[in-house]
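Derivation of every value follows stated rules applied to the coordinates shown; laboratory data play no part. Predicted model, so just to flag it, every value in this text is computed and none were measured. So basically every Cβ, Gly included, is an ideal-geometry build from the backbone, and we count neighbours across all protein chains shown.
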Amino acid sequence: MDIVSQGTASNAAGLTSEQVQQLREQLVALQSALQARLRRQQAVVREAEPEIEPLEVAEQTREQDDALTFSQHDSELLSDVNYALRKIEDGSYGVSEASGEPIRFERLRAVPWARTDSDEI
């Protein structure tokens, strides 16, 4: 049995292929959830009920403002997730952009889109 099939091969950060696969699955699941949430938020922003009561207009405006705020945050997070997935593909995933040192697996499990280790923040 070769090293890769045993899950012990490592990338530039020293992560095993099994660890990289686990993190990739986590990122893909998050990517899917964010995309769905963004679609729902965009629907709320576009939604406008004709001829509603003045108090309902205020509530609708607040809901639209909240959706815009959450949408911006989710868009930024989705961008980070997509970036991490591209780094997995090019083999540079798990290496700190600040120091060039490997990011600990525990950090990546908690924040799989992390660009630096927690002590570099």
In segment 107-121, which residues are surrounded by fewer than 14 Cβ atoms within 10 Å (Cβ to Cβ) and touching a Leu at 6+ places or on another chain (Cβ under 8 Å)?
-> R109
Starting from residues that are out of contact with any helix residue (DSSP H, G or I) (no Cβ under 7 Å at 6 or more places or on another chain) and β-branched (V, I, T), keep the ones in segment 77-106 and report whichever is surrounded by the fewest Cβ atoms within 10 Å (Cβ to Cβ).
-> V95
